[in-house]
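First up is the structure itself, then whatever we jot down about it.
Bear in mind that the values in this text are calculations on the coordinates, not laboratory data. Predicted, not measured: the structure shown is a model, and the values here were computed from it. Virtual Cβ from ideal backbone geometry, glycine too; neighbours counted across all protein chains shown.
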Amino acid sequence: MDLTRCAIAALLLVAVPMSPVVADAAPAASAGIRAFCVDFNWWGPGGFAPPGTFARADPEQHLAWYRALGANVIQTFCVSCDGYAWFRGRVAPVQPGMRGDFLRELADLGHQHGMKVMGYFCVGANRYWGEQHPELSHGAPSAIHIPLTKEYLQYLCDTIRDALRRTEIDGFMIDWVFNPEPEGEWLECERRMYVELFGKPFPGAAGVDAEEKVEFGRRAVDRAWQRIRRAAKSAKPDCVIWLSSHDLANPQQKNSRLVREVDWLMTEGPSRELLDVARAAVGPHAQVIQCVCGWGAQHPAGKLLADYACLGIGFYGFAMPWPETTLPPTFEQADAASGGDAGIAERLRGNARNIEEMRQAWTGAIH
């Protein structure tokens, strides 16, 4: 029986882990985007990494790790969720103790090897901003906490322009592009946003019904997206803006201009249903990407790579690094890297398994 190209690709991906192939064999079914992020956002049980946790990261060491994985897109950081920058700019504070100019140097190295290098901004959370502007934030937790005010959008867009002009990155991911839903008594800045977004006086918290509260969030996200897109494309017209979404069904993103206009759209969840939603939602120019690593065992990387091999989508993974190495720990290092936290150890082991399955699929190799 003749096999279609799609079926051959899927068989190759499934077969790679069991095949005695040498490490330098030709890539198997590796066309398109093969992206990964060593994720400096997180460390510890559910919290943002304190500033400086991964400051010793070395661009050359990280480039070697990504190349060994078989990635052709590096996603690293302009500003991580702690609010500190990974490049030496003029707007966001620089990551304490950062060696050299990490983002700029990694972009230069990646380009020398034909790789794209993407930055990152977390739109809905920035611990530094929350600490510096408590009146414009619902505290500064490791969660979405920033109302998308004019003041915050100005700061975010200034930082975006700064990153694009001072480094050679090809674009950046935006994450957590949501406006926190006001609870109880609205912050004064949220009351001003209401007037700006609806063009009428704020009626008091009790006067905003559930439907209007949803619309408030939609309009806040739409305004934020227009500002972000304008800032990025004015600084670098050909830059790629990449949306990561864990909830495309959320009314703030569903059927939004953001989803229709973004250059790359990634679904974080591992289900085919979520992927189909993403593929149906984007504009005709967009690249759809499936995340296959990051949530530990919830992401079965090898299966997802095989099942989706013929869909014309890109693939992506992320993993929390170990401060001691600033790289994702191996399966054998997971317990030591977890600091004794069983939940973290299990997630690290799951990510390590997925990383190995990605490496095998992307390089056609097995060690």
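Which entries in LYS150/LYS213; LYS213/LYS254; LYS200/LYS233 show an alpha-carbon gap greater than 20 Å? Check vs 20 Å cut-off fails for LYS200/LYS233. Between GLN226 and ARG279, the modelled labels are 3.3 nm apart [label points 7 Å from Cα along Cα→Cβ]. Helix 188-198 axis versus longest C-alpha principal axis of the chain: approximately 90°, rounded to the nearest ten.
Neighbour counting of Cβ atoms within 10 Å sorts the residues HIS285, HIS111, HIS133, fewest neighbours leading, into HIS285, HIS111, HIS133. To test your reading of the geometry: what angle, between 0 and 90 degrees and rounded to tens, separates the Cα axis of helix 5-15 from the longest principal axis of the chain? Long axis of 5-15 versus the principal axis of the chain: about 80 degrees. Averaging 1/r over each pair of different alpha-carbon atoms in the stretch 225-367 and inverting the result gives 16.6 Å, the Kirkwood hydrodynamic radius. Here the stretch 104-145 and the stretch 203-224 have alpha carbon centers that stand 26 Å from each other. Computed log10 I(q)/I(0) for the stretch 5-363 at 0.13, 0.14, 0.15 Å⁻¹: -1.04, -1.20, -1.36, from the Debye equation with unit scatterers placed on every C-alpha and solvent omitted.
Each of ARG230, ARG223 was scored by other Cβ atoms within 10 Å of its Cβ. Listed from fewest to most, they are ARG230, ARG223.
Exposed loop sites, defined as GluC sites (Glu not before Pro) outside DSSP H, G, I, E and B with at most 16 other Cβ atoms within 10 Å, are absent from the longest region of the chain, namely 1-167.
If you run the Gaussian network model on the chain, springs between alpha carbon atoms under 10 Å, then out of ASP263, ASP222, ASP238 the most flexible one is ASP238. Of the residues TRP86, ALA107, MET320, the one whose Cα sits farthest towards the positive end of the charge dipole of the stretch 5-363 is ALA107 (charges of +1 on Lys and Arg Cβ, -1 on Asp and Glu Cβ, taken about the Cα centre). Dipole of the chain computed with +1 at Lys/Arg Cβ and -1 at Asp/Glu Cβ about the Cα centre; of PRO182, SER245, THR53, farthest Cα towards the positive end is SER245.
Ranked by how many other Cβ atoms sit within 10 Å of their own Cβ, fewest first, the residues THR326, THR159 fall in the order THR326, THR159.
On full extension, the segment bounded by ASP247 and LYS233 gains 2.5 nm, given 0.36 nm per residue less the C-alpha separation.
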